[in-house]
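Structure record follows, encoded as structure tokens.
Please treat every number below as a calculation from the coordinates, not as lab data. From a predicted model like this one, the values you see are computed outputs, not experimental measurements. So basically every Cβ, Gly included, is an ideal-geometry build from the backbone, and we count neighbours across all protein chains shown.
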Amino acid sequence: MIDRKALWFAAIVFLTMIAVNLWYLNLLPDWHHMPVNGPGDSHTVNSLRLFFWPLTVLLLVVTRVARRWFVSGPDEAVRPWQNFSTKNFVRILCLFSTLYAFAMAHALGFTPFWNPLTFVRFTQVAFGLLIVSMGNSVPKLPWLSARISFFRLDPWQWHRYARLLGKVRVGFGIAFIAAGLLLPPTMIAPTVLAVALTGTMAMIWYRIKLRREPQAQV
């Protein structure tokens, strides 16, 4: 559920990442293996990891475009959702592209102007703030009908679900920021994943609970 300008921006980012990856692989003595800490490092990993970046961009595009086919509603209800999705998609893509540029600079041996871990923590805080902003905006969006019955909620159910979803996203964003600032590097990913899974399971349970409740007032 994004506009054409966002799609063109994503296409440019995707093709640029592919081109840079192929150029970088051409520089390596053995394109199957890339050094972890820049040229000359004996510790290497599979070079296919480079394509995680453009594939993630492609996945973001597919999920945003596919969302439009799963909902229906009048234009005045769809438009705020499209604006919300487009704005946040572009922000996520800009942050992700910044991380990619930093990773490629590190792979090419350029000395960063600050510690790599500091940069990653700073970017994680930025992602966390974006998630908090998204959580605050979700309850204000209008109701749309889902085409798949399992995901369909009545307007009163949607408003209750959206309020909880907003709170969960705000909580996840705060946890994301706290993990990036306070936890050691080895603990960041497991902690964020555990919080995300907990929040996802809570929202699935609450959606099922709402569908089983009788008609009620918002």
Bin by bin, in steps of 10 Å, what percent of the Cα pairs in the range 80-134 do you find, going until the bin that has the longest distance?
22, 45, 24, 9, 1
Quick check on the chain: helices-only [θ] at 222 nm, where DSSP H runs of length 4 and up contribute -39,500 (n - 2.57) each and the sum goes over total residues. Nearest 500, please.
-25000 deg cm²/dmol
Residue (of A194, V168, L183) at the positive-pole extreme of the range 114-218, dipole from beta-carbon charges:
V168
Footprinting proxy, T86, T198: sorted fewest to most Cβ within 10 Å, the residues are T198, T86
Net dipole in debye of the range 1-82 [+1 Lys, Arg Cβ; -1 Asp, Glu Cβ; about Cα centre; nearest 20]:
300 debye
Specify, per residue and in Å³, the volume enclosed by the convex hull of the alpha carbon atoms belonging to the chain.
135 Å³
Would you mind ranking T123, T200 so that the residue whose beta carbon has the fewest other beta carbons within 10 Å leads the list?
T200, T123
All other residues with a Cβ under 13 Å from the Cβ of V65 taken together, and with Lys, Arg as +1 and Asp, Glu as -1, what is their net charge?
+3
Going toward the positive end of the dipole of the chain, with +1 on Lys and Arg Cβ and -1 on Asp and Glu Cβ, which of P74, W156, T118 do you reach last?
W156
Dipole moment magnitude, nearest 20 debye, the range 30-177 about Cα centre, only Lys, Arg, Asp, Glu C-beta charged:
680 debye
Here the equivalent ellipsoid of the range 114-218, derived from its Cα gyration tensor, has semi-axes (largest first, whole Å) of 33, 14, 10
Extension gain (nm, one decimal) between D3 and S42, 0.36 nm per residue minus Cα-Cα
9.5 nm
Take the Cβ-Cβ distance between L25 and A146 as r, set R0 to 30 Å, and report the resulting FRET efficiency rounded to the nearest 0.05.
0.10
